[in-house]
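Chemist: There's a structure below that I have some questions on.
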Amino acid sequence: MKATGIVRRIDDLGRVVIPKEIRRTLKIREGDPLEIYTDNEGEVILKKYSPIGEMGAFAKEYADTLHQVSGHIVIITDRDKVIAVSGASKKDYMDKALSQELERVMEENTIVFVKSENDMSSIPIVEGDTTRYTAQIVSPILSEGTVIGSVIMCSTESNVKMGDSEYKLVQAATSFFGKQLEQ
């Protein structure tokens, strides 16, 4: 366990403040859910909770199905990292931190739709991603009005175009995941 040298007292309501430096480093935002664990040595462990991360195996199967239907790369993320990949190398994406551009798109709850390689506005998916995506759809997953992740369909092949069918597949996926997590 990493020592920070920061000490905080518990207040009369049992609350403790997580220092700003730690929240910034771990990308913990106001309102983010945290899981609380204890271990055998009496330590309390706080872990950022990812509701969509709990659906990892299901997300993988969904990504595989979307890839089989569309023929494109499909990536599913939570707010911080990639949780499922199909149609691309898992080592290039799985469990990697999201790019700042993707985090911004999710934070602003916007949709990126790059229809073909003539449109140069694709965004990197993970930190350090230098891949040129020739077509890309990025859509945030909303649950109870809060962005909890994203579904991405993309291609690196030349002469690939994405249209309404791909857009609707991605929208169906984001809607499905959002509704599953609201139950």
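Taken together, the values in this text are just the output of simple stated rules run on the coordinates, not laboratory data. None of these values were measured; they are calculated from a predicted model. With ideal geometry, Cβ positions are generated from the backbone for all residues, glycine too; neighbour counts draw on all protein chains shown.
Chemist: Scaled to the compact-protein estimate 2.2 N^0.38 Å, what is the alpha-carbon radius of gyration of region 1-48, rounded to two decimal places?
Modeler: Scaled against compact globular proteins, the figure is 1.21.
Chemist: So which trypsin sites (Lys or Arg not before Pro) in region 98-183 end up in coil per DSSP with only 15 or fewer other C-beta atoms within 10 Å? The partial results should precede the final answer.
Modeler: On the way: sites: Arg104, Lys115, Arg132, Lys161, Lys168, Lys179; in loops: Lys115, Arg132, Lys161.
Answer by residue number: Arg132, Lys161.
Chemist: On a C-alpha basis, how far is the centre of region 57-109 from the centre of region 110-127 in Å? Whole number, if you could?
Modeler: Going from one Cα centre to the other spans 14 Å.
Chemist: Once you've got the Cα coordinates, tell me which of Lys90/Lys161; Lys48/Lys96; Lys27/Lys48; Lys90/Lys168; Lys60/Lys161; Lys90/Lys115 are over 20 Å apart. Please report the intermediate quantities before stating the final value.
Modeler: Values: Lys90/Lys161 24 Å; Lys48/Lys96 15 Å; Lys27/Lys48 9 Å; Lys90/Lys168 25 Å; Lys60/Lys161 24 Å; Lys90/Lys115 24 Å.
Table pairs above 20 Å Cα-Cα are Lys90/Lys161; Lys90/Lys168; Lys60/Lys161; Lys90/Lys115.
Chemist: Round to the nearest 0.05 the FRET efficiency obtained for Asp95 and Val16 when R0 = 41 Å and r is the Cβ-Cβ distance.
Modeler: Working: r = 29 Å, r/R0 = 0.70.
Efficiency at R0 = 41 Å is approximately 0.90.
Chemist: If I take R0 = 41 Å and measure r between the Cβ atoms of Phe58 and Met120 in this structure, what FRET efficiency does the formula 1/(1 + (r/R0)^6) give, to the nearest 0.05? Let's see the in-between values first.
Modeler: Values: r = 34 Å, r/R0 = 0.84.
Computed FRET efficiency for Phe58 and Met120: 0.75.
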